[in-house]
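Report on the structure given below.
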Amino acid sequence: MPNQNHTLSERTAAIGLMIAALFWGLSYPLTKYVENCPTFYIISLRFGIAALCLAIAFHRKFKLLNKEVIKYAFLLSFAVFLMFAFGIWGIKYTTSVRSSFFTTLSFLMIPVLNWILFKAKISKIIITSALLCLLGMFLLCYAPGMGGLVVNSGDLLCILAAVAGSFHIILVEKVSKNPLVDSSLFTVFLMGFISLWGTLIALFTGDIHYSLSGSSELIAIVLMGLFCSAVSFCLQTHLEAFVSPDRVGVIFALEPASGCILSVILLGETMRFTGWLGALIIMASILYMEFAAGKEAVKESEPETEDNRKGSA
């Protein structure tokens with residue numbers, strides 16, 4: 001049976017997920033930088049690099065390989081593939097900043113889908129944090145020079161990416177708690193299947209014959225493969241078991257904040273004062289969620305402690 005670390009604290013896991021979100025934020029300016037590359041060519045190369053690096057890093061764990069790992073990696077690969085296909089396709093028709101906003105609307109969809117599919121209750125803390133995030137992302141992305149609130153075709157594609165991403169986050173949380181599924185091996189095969197789907201479509205469309213215009217494009221794709229895919233997905237798969245999917249969705253709202261800031265720094269895209277204020281509100285909402293959830297957990301544990309003392313007396 002895979003060796004899962006069940007002693008990891010929820011706070012530590014949340015910090016690890018924040019790091020994953022920051023790396024995913026880096027993928028927006030990098031994807032925009034290679035926007036001339038065919039969509040499925042990027043997916044093939046990016047996730048192929050990630051799968052190869054992870055396979056080398058975790059080669060000793062292949063003795064734990066079983067049908068469950070392959071089955072779940074195969075099934076979830078479609079959700080992730082669609083998320084990235086729509087996201088990369090969409091960013092070609094909108095700005096990196098707007099793409100980061102619409103792609104990560106999944107944090108609003110996750111609690112609703114959990115409620116519909118699993119009858120999971122939505123806490124007041126999650127609702128407050130989600131609404132603050134929505135306000136933050138509105139301020140982050142709204143600017144007259146960006147077309148205001150008019151939704152274009154690129155934005156719609158990014159919204160479809162958000163729908164696929166929300167299903168992925170919910171399903172990964174279920175898979176990560178399965179004792180038969182080693183999180184590292186699952187990520188290796190997940191990356192491999194995504195690369196496979198991208199390669200097959202790239203072969204069918206002829207995109208596989210695309211030639212990179214320079215070493216800088218290759219470096220950008222390699223960085224996406226290593227940090228925005230291999231490292232980020234490893235963190236997500238291993239750590240989601242320790243954090244509720246609703247909280248994960250809000251934590252991943254850091255992705256657009258970091259994506260917008262990095263787009264300004266690396267691509268020279270402009271962001272107004274309202275944008276910086278929006279990024280600050282997003283980060284504040286996540287801090288509020290973490291501290292409020294921590295206090296709530298302490299309050300819930302206090303009555304149990306008193307009952308235990310009465311029972312032992």
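The lone criterion from (1) without any contact (Cβ under 8 Å) to a residue 24 or more places away in the chain; (2) within 29 Å of Asn114 (Cβ to Cβ) left unmet by Pro245 is number (1).
Leu134 falls short on exactly one of the conditions (1) more than 27 Å from Pro38 (Cα to Cα); (2) modelled with pLDDT under 90; (3) of a type outside the set (Ser, Thr, Tyr); (4) crowded, with 24+ Cβ neighbours inside 10 Å, and that condition is (4). From the set of residues in region 3-17 that are among the small types (Gly, Ala, Ser) and either surrounded by 13 or more Cβ atoms within 10 Å (Cβ to Cβ) or not in a loop (DSSP other than H, G, I, E, B) (or both), which is modelled with the highest pLDDT? Checking each candidate, the answer is Gly16. Scan the helices (runs of 4 or more DSSP H) fully inside region 182-246 and keep the ones with 1 or more residues being crowded, with 23+ Cβ neighbours inside 10 Å and within 16 Å of the chain's Cα centre (by Cα). Once the helices (runs of 4 or more DSSP H) in region 182-246 are filtered for at least 1 residues that are crowded, with 23+ Cβ neighbours inside 10 Å and within 16 Å of the chain's Cα centre (by Cα), what remains is 183-205, 232-239.
Residues in region 197-225 that are of a type in the set (D, E, K, R) and either over 15 Å from Phe84 (Cβ atoms) or in contact with a strand residue (DSSP E or B) (Cβ under 7 Å, 6 or more places away or on another chain) (or both): 1 in all. Among residues that are of a type outside the set (Ser, Thr, Tyr), in a helix (DSSP H, G or I) and at pLDDT 80 or above, Ala297 is not included.
Among residues of region 19-36 that are in contact (Cβ under 8 Å) with a residue 24 or more places away in the chain, those with a Cβ under 6 angstrom from a residue that is among the charged types (D, E, K, R) and in a helix (DSSP H, G or I), sequence gap 6+ or separate chain, pair up as Ala21/Glu255; Trp24/Glu255; Gly25/Glu255; Val34/Glu217. The residues in region 31-40 that are surrounded by fewer than 24 Cβ atoms within 10 Å (Cβ to Cβ) and outside any loop (DSSP other than H, G, I, E, B) can be counted, and the count is 3. Set side by side, the residues Ile43, Ile56 differ, and just one is out of contact with any Lys or Arg (no Cβ under 6 Å at 6 or more places or on another chain), modelled with pLDDT of 90 or more, farther than 25 Å from Gly249 by Cβ and in a helix (DSSP H, G or I), which is Ile56.
When every residue of region 74-91 is checked against the conditions, at least one turns out to be surrounded by fewer than 15 Cβ atoms within 10 Å (Cβ to Cβ), of a type outside the set (S, T, N, Q) and at pLDDT 80 or above. Exactly one residue among Ala284, Ala220, Ala279 is of a type in the set (Gly, Ala, Ser) and over 21 Å from Pro29 (Cα atoms), and that residue is Ala284.
The values are calculated or read from the model by the stated rules, or taken from the named source; none is laboratory data. Source: prediction; values computed, not measured. Methodologically, a virtual Cβ is constructed for each residue, glycine included, from the backbone with ideal geometry; neighbour enumeration extends over all protein chains shown.
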